[in-house]
Amino acid sequence: MTATSATTATPSLLSQHGETVLNIRDLQVEIRTANGVVRPVDGVTFFVQAGETVGIVGESGSGKTMTGMSVLQLLPPGGSIVGGSIEFAGQELTTMSQAELRRLRGNDIAAVFQDPMTSLNPTRTIGSQLREAYRIHRPGTSVAEANRRAEEVLSLVRMPRPKERLRDYPHQLSGGMRQRAMIAIALLCEPRLLIADEPTTALDVSIQAQILELLDDLKTRLGMGIILVTHDLGVIAGHADRVAVMYGGRIVEEAPTGELFAAPRHRYTQALFESMPTMDLDSRRELASIPGMPPQLIDLPPMCRFAPRCRSASEDCRTKNPESVQVAPGHTHSCFHPRPTDVAGDVDEQLYTVLAAEDARASGGTVRTLVTLDAVEKRFWIKNPEPFKPRRELHAVSKVSLDVFEGETLGIAGESGSGKTTLGRMLIGLEQPTSGVVRFEGQDINRLGRAGRRTRSGNLQLMFQDSAAALDPRMSVADLIAEPLAVQHIGSRSERRAKVMELIDAVGLPQTGAGRRASEFSGGQRQRIAMARALVLRPKVVVADEPVSALDVSIQAQILNLMRSLQVAYSLTYVVISHDLSLLRYMSDRIGVMYLGKLVELGSSAEVYTAPRHPYTAGLIASVPIPDPRLRTRKQKAGLPGEIASAIDPPSGCRFRTRCPLATELCAREEPALALRGGPHAVACHHPLTT
């Protein structure tokens with residue numbers, strides 16, 4: 001089949017289940033940089049069949065994304081394919097001209113990237129971008145035909161009110177809707193291969209479940225092959241048929257999904273499994289973490305590239321390249337010391353045994369309240385898009401009352417737009433409530449004098465989600481950490497320097513890095529810098545807003561372990577804001593669940609997760625991807641239908657009723673109050689779930 005004929009045939013008819021769509025053999029990619037030649041893909045071999053999903057997992061820098069970009073021939077400046085073969089539907093892509101590749105991209109091979117806001121044109125409507133993509137690959141198509149196809153594909157990806165969305169700009173859509181628009185553009189011409197690079201990483205768990213369910217459905221209907229690039233092993237377990245584990249530019253293990261999770265053989269695969277927090281993990285034990293960092297992939301000698309971080313490494317691992325060994329049909333690994341299959345305590349048992357977490361307050365011991373939020377509200381005035389219309393009021397947080405106890409970790413969960421971050425900012429005084437009171441140790445933090453505000457800022461600190469944006473790129477690490485001390489005129493220069501070096505040691509950074517800029521560090525190391533800066537004033541409360549959302553699973557484990565050890569060493573109280581329910585389950589003593597500005601459930605971590613009372617909480621938990629392929633046969637549909645309503649015009653009564661399967665007329669008429677429903681477990685629901 002020629003490239004030209006491929007554009008005119010119907011791909012869904014050509015792609016029969018079981019047919020090999022993509023075959024990559026010994027692929028080698030080089031990127032020339034100022035520091036030397038980087039080889040991000042080094043001898044990669046795998047295939048993708050029609051109607052199957054091949055998952056690629058590994059840490060940042062392992063070569064996952066670069067493998068997908070090689071298929072599309074979209075390498076960064078200085079990058080080139082220097083060896084191997086990429087065969088798509090009988091065509092060799094590495095020898096194609098740019099004109100042939102342009103006909104192929106978007107037509108037979110499509111991609112969905114992690115951040116749709118960087119892929120969609122902000123100056124053009126969704127409809128115009130869909131029409132353009134379709135008419136490029138279907139020359140001679142009229143605008144009306146392209147518009148009908150655009151609406152049809154938006155309906156296919158379950159976009160609410162697709163005809164209206166055609167007139168919207170990207171910034172007018174939610175994160176989930178923008179990702180649906182990206183998927184719609186990718187599916188316009190019914191491609192035979194879809195490369196999905198971290199398509200749900202930045203999305204809430206409920207929207208993630210909907211998007212992944214959508215991809216599964218479209219794969220079956222269109223007979224596509226999918227390459228799913230992700231670091232989330234729960235996503236892989238629920239949606240991939242086969243898995244390739246990459247490290248250091250190579251595939252170190254490949255197997256059918258069920259077999260890989262039941263019996264991983266490579267020590268790196270085993271380490272990834274041990275590093276991930278799960279809903280069933282015992283919160284009393286420390287997460288296993290992978291020491292060190294992935295290799296730089298410049299002029300590496302013959303060796304196992306995981307050897308410097310592997311606890312089982314021997315001299316052979318440091319001097320020889322391990323060969324690929326087949327241990328079962330379709331299951332290969334490259335490891336001199338593979339994990340034995342008869343080890344005591346199977347990975348299955350280590351990961352999925354439910355151990356009830358101890359509730360620190362169940363014993364009836366006295367606790368001290370550090371922070372109290374009393375009926376706090378936060379409303380923002382926003383511009384009306386219609387000319388000459390009055391401004392509109394956005395209800396970010398509505399009448400939330402909450403206590404934060406000394407020494408605890410309080411988790412705040414909920415979808416984007418639920419008010420979590422605004423609540424955290426009010427808690428530390430970065431935002432003043434429109435009404436209500438925030439008290440720290442009995443004092444209203446927004447009515448303090450200058451000296452009181454200085455003390456407050458020392459006791460209440462915030463760790464931001466994006467450490468790269470929060471740290472001044474012009475300042476050295478030592479100056480960044482010392483800045484709060486200098487602003488508050490605490491200590492002499494030498495005393496501040498001593499405190500800085502003490503904290504650099506405490507967060508696990510090398511002292512030699514004190515004079516470097518934050519941009520010279522990895523994402524995990526930047527988060528350690530942000531943590532040291534937050535702790536330098538010895539605060540009593542730290543609000544951590546999505547502290548590990550952008551990090552690999554292995555780096556997440558290091559940061560979470562560090563947070564727990566520092567909590568003990570510095571007598572900290574944490575408020576952790578996250579949409580990652582597995583993280584909150586592991587870290588938190590209590591969980592508060594927010595929906596559209598309201599606190600709808602509050603209780604101990606164990607109770608909220610094992611016996612949720614609010615339908616919204618139950619839906620969130622049902623949407624969490626579970627790293628156990630055995631559950632795929634009885635996998636539930638996405639736990640929450642639709643998307644969160646607008647905070648400008650919230651629904652009457654219970655704000656969740658528009659998505660709730662239990663909603664009645666009472667829910668529309670009367671707003672439920674947050675009330676205790678047996679013990680310290682509170683829920684705001686007219687029809688609470690029973691245990």
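When the residues of the range 449-467 are filtered to those that are touching a helix residue (DSSP H, G or I) at 6+ places or on another chain (Cβ under 6 Å) and more than 15 Å from Leu537 (Cβ to Cβ), the one that is modelled with the lowest pLDDT is Ser467. Considering only residues of the range 191-215 that are within 26 Å of Phe88 (Cα to Cα), of a type in the set (D, E, K, R) and touching a Gly at 6+ places or on another chain (Cβ under 9 Å), which is surrounded by the most Cβ atoms within 10 Å (Cβ to Cβ)? Filtering first and then ranking leaves Arg192.
Matching residues to (1) part of a helix (DSSP H, G or I); (2) closer than 22 Å to Thr421 by Cα; (3) in contact (Cβ under 8 Å) with a residue 40 or more places away in the chain; (4) touching a strand residue (DSSP E or B) at 6+ places or on another chain (Cβ under 8 Å):
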{"residue": "Ala451", "(1), (2), (3), (4)": "yes, no, no, no"}
{"residue": "Arg454", "(1), (2), (3), (4)": "yes, no, no, no"}
{"residue": "Gln461", "(1), (2), (3), (4)": "no, yes, yes, yes"}
{"residue": "Pro473", "(1), (2), (3), (4)": "no, no, yes, yes"}
{"residue": "Glu483", "(1), (2), (3), (4)": "yes, no, yes, no"}
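Of everything in the range 242-276 that is among the β-branched types (Val, Ile, Thr) and part of a helix (DSSP H, G or I), the residue that is nearest to Gln49 (Cα to Cα) is Thr257. Residues considered: Glu502, Glu495, Glu520. Of these, the only one that is modelled with pLDDT of 85 or more and under 24 Å from Ala557 (Cα atoms) is Glu502. Per the listing Ser549, Ser582, the residue uniquely in contact (Cβ under 8 Å) with a residue 24 or more places away in the chain, in a loop (DSSP other than H, G, I, E, B), of a type outside the set (A, V, I, L, M) and in the same structural domain as Ser401 (by TED's automatic domain parsing) is Ser549. Taken together, the residues in the range 234-250 that are more than 14 Å from Ser60 (Cα to Cα) and either of a type outside the set (Val, Ile, Thr) or more than 18 Å from the chain's Cα centre (by Cα) (or both) amount to 9. Strands (runs of 3 or more DSSP E) wholly in the range 52-144 with at least 1 residues that are among the basic types (Lys, Arg), touching a helix residue (DSSP H, G or I) at 6+ places or on another chain (Cβ under 6 Å) and surrounded by fewer than 20 Cβ atoms within 10 Å (Cβ to Cβ) - which ones? Qualifying strands (runs of 3 or more DSSP E): none found. Given the criteria surrounded by 15 or more Cβ atoms within 10 Å (Cβ to Cβ), modelled with pLDDT of 90 or more and outside the structural domain of Leu581 (by TED's automatic domain parsing), does Ser275 qualify? It is false that Ser275 is surrounded by 15 or more Cβ atoms within 10 Å (Cβ to Cβ), modelled with pLDDT of 90 or more and outside the structural domain of Leu581 (by TED's automatic domain parsing). Among the numbered criteria (1) at pLDDT below 90; (2) on the phi < 0 side of the Ramachandran plot, which single criterion is violated by Met475? So the condition that Met475 fails would be (1). Looking across the range 243-260, the residues that are of a type outside the set (Ser, Thr, Tyr) and surrounded by fewer than 23 Cβ atoms within 10 Å (Cβ to Cβ) come down to Pro256, Gly258, Glu259. Restricting attention to the range 500-523, report how many residues are touching a strand residue (DSSP E or B) at 6+ places or on another chain (Cβ under 8 Å), in a helix (DSSP H, G or I) and of a type outside the set (Gly, Ala, Ser). Looking only at that region, the number is 0.
The values are calculated or read from the model by the stated rules, or taken from the named source; none is laboratory data. Fair warning: this is a prediction, and the values are worked out from it, not measured in the lab. Cβ coordinates were reconstructed from backbone atoms using ideal geometry, including for glycine residues, and neighbour counts include every protein chain displayed.
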